[in-house]
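Remarks on the structure that follows.
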Amino acid sequence: MWVENLLGSEVVASATQHGGFSPGVASRLRFAHGGRAFVKAVSADVNIQSAALHRRERSVSSAMPRRAPVPELLGALDNDGWVALVYTDVEGRHPGEPVWTRDEAVTMLRGLRQLHQVLTPAPLSDVPSLGEQRTEIFGGWARLAALQVEVPDVWCARNLARIVEWESYWTEAATGDTLLHGDLRSDNMLLTSGGMQFVDWAWACRGAAWFDVAAMAPSIAARGGPPPEWLMETYGVDAADADAVTAVVAAVAGYFTEQAGRPDPPGIHGLRRFQAQQGSVARAWLQARLERGTDLS
């Protein structure tokens, strides 16, 4: 077995890890010599995009600074359509299960600030900017408007033109030189005795540090956690960034709203339902910010 050759010992126990939306394997391994590791693997035959994401994650993880609160990549395999990654095993649990608590959120935000400090300026030069990575992903409101698709929210439908204008500003608003995780939610974090570890780096990119908070805030609120504004304030977003944050919230809300109306990707079940929950939170957050009177400057 490849992983046994990599770590020089026989696997004597494995425990499948549940959660997340990858259709692949995720297991914690224990070896005869007493060591432990975590392995994740996926076949392109099951989901070709997931295999590409594993390859992207390998590139990012292999170049991470040692000071970053992320597991160390021990090895990788890319053979016959399978992509496998082996990491140090982190003793911890996902926060937010079954619901986010305020204490967990405080610990997470403290760890995220530490992470962003280590990753500013971005230590990897070959990762895309947010604008480059999400040009085709964001812009959901504009596409819904162009196709005249019914918007699942009365207030948003009535204010669609205004929302599309805000959304168009998101690329400029999120510009920055922090290496971002780009896909934070509870199943991409591990709460340990020493704080928080951040895992699954397939969507890493460069941008404004606070983007990671804004993008994950709907997922935390959707699971019973603190509201988005509290998360942004506790993280420490500068008040001068108010318009920039509103533009990003518009883009995030448009993304979840549009994506939730699509079929589940092959081999990935439950994703659209979770996106619909996040979309509901994000639309309410956007409405509150726009009704507060922020305007494009």
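Have a look at Ala282, Ala250, Ala242, Ala260 and point out the one that is at pLDDT below 95, over 30 Å from Arg58 (Cα atoms) and open to solvent by less than 40 Å² (accessible area, probe 1.4 Å).
When all the criteria are applied, what remains is Ala242.
Could you say whether any residue in segment 65-76 is within 21 Å of Gly182 (Cβ to Cβ) and at pLDDT below 80? No: zero hits. Val127 meets the stated requirement of being over 15 Å from Pro69 (Cβ atoms) and out of contact with any Ser or Thr (no Cβ under 7 Å at 6 or more places or on another chain). Once segment 65-104 is narrowed to residues that are basic (Lys, Arg) and more than 25 Å from Pro228 (Cα to Cα), the residue that is most open to solvent (accessible area, probe 1.4 Å) is Arg66.
Taking strands (runs of 3 or more DSSP E) as the structural unit, no element lying wholly within segment 110-210 holds at least 3 residues that are buried (at least 18 other Cβ atoms within 10 Å of the Cβ), among the aromatic types (Phe, Trp, Tyr) and in contact with a helix residue (DSSP H, G or I) (Cβ under 6 Å, 6 or more places away or on another chain). None of Ala250, Ala240, Ala260, Ala284 is under 20 Å from Cys156 (Cβ atoms), without any contact (Cβ under 8 Å) to a residue 12 or more places away in the chain and of a type outside the set (Lys, Arg) except Ala284. Leu74 meets the conditions (1) closer than 28 Å to Pro121 by Cα; (2) in contact (Cβ under 8 Å) with a residue 60 or more places away in the chain; (3) part of a loop (DSSP other than H, G, I, E, B) in every case but one. The failed one is (3).
The values are calculated or read from the model by the stated rules, or taken from the named source; none is laboratory data. The model shown is predicted, which means the values in this text are computed figures rather than measured ones. Counting neighbours? That spans all protein chains shown, and the Cβs are built from the backbone with ideal geometry, glycine included. To get the accessible areas, we keep the full protein, side chains included, count just its heavy atoms, and leave off ligands, DNA and RNA. Shrake-Rupley method; radii C 1.70, N 1.55, O 1.52, S 1.80 Å.
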